[in-house]
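These notes concern the structure reproduced below.
Laboratory data are not the source of any read-out in this text; all were calculated from the coordinates shown. What you see is a predicted model, and the numbers here were worked out from it, not measured in a lab. Neighbour counts are summed over all protein chains in view; Cβ atoms, including those assigned to glycine, are modelled from backbone coordinates with ideal geometry.
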Amino acid sequence: MSDLFDREKIVDCMFDPITSSILAELEDGEKECSFLAKQSEISESEVLERLSYLIQHDFVTQNSNDGKCIISANSEKLSSIIENGDNFDETISGLEKMDSYLN
């Protein structure tokens with residue numbers, strides 16, 4: 001996949017309330033898409049749609065195991081978006097966006 005991505009779009013994906021809850025489920029390892037859908041109370045297709053940009057740029061991976069959709073997160077790459085922003089202001093903006101979703 002391409003290394004060129006829209007950093008702001010990645011941050012928007014990461015801090016969307018539903019997508020962030022999906023990513024939180026992936027913190028301790030890969031999960032079946034059906035489990036993520038049940039936890040988020042959305043369909044499996046919506047889980048994949050919400051993660052599509054992250055999958056496209058390898059922040060999240062989607063695999064198939066015995067016909068089951070398995071999702072896993074690249075925690076290092078996701079963390080690098082916040083930690084290695086072009087400047088401190090972008091990182092603060094990302095944190096403010098996260099805070100606004102949490103409140």
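Modelled label positions at residue 97 and residue 74, each set 7 Å beyond Cα in the direction of Cβ, lie 1.9 nm from each other. Estimated from the Cβ-Cβ distance and a Förster radius of 25 angstrom, the FRET efficiency linking residue 4 and residue 32 is about 0.25. Extension gain, residue 55 to residue 41: 0.36 nm times the residue separation minus the Cα-Cα distance gives 3.0 nm. Database remark: amide H of residue 61 closer than 5 angstrom to the amide H of 72, 73, 74 (H placed geometrically; neighbours at sequence offset of 5 or more, or on other chains; Pro and chain starts carry no H).
Note on the range 36-78: with charges restricted to the Cβ of Lys and Arg (+1) and Asp and Glu (-1), its dipole about the Cα centre is near 60 debye.
So what's the net charge close to residue 61: Lys and Arg +1, Asp and Glu -1, counting the other residues with Cβ under 11 Å from its Cβ?
After counting each charged neighbour, the total is -1.
Taking a threshold of 23 Å on the Cα-Cα distance, which of the pairs 9/97; 38/97; 9/38; 9/68 fall above it? From the list (9/97; 38/97; 9/38; 9/68), the Cα-Cα distance tops 23 Å for 38/97; 9/38; 9/68.
For every other residue with a beta carbon closer than 13 angstrom to the beta carbon of residue 41, add +1 if it is Lys or Arg and -1 if Asp or Glu, then tell me the sum. Net charge in that neighbourhood comes out at -1.
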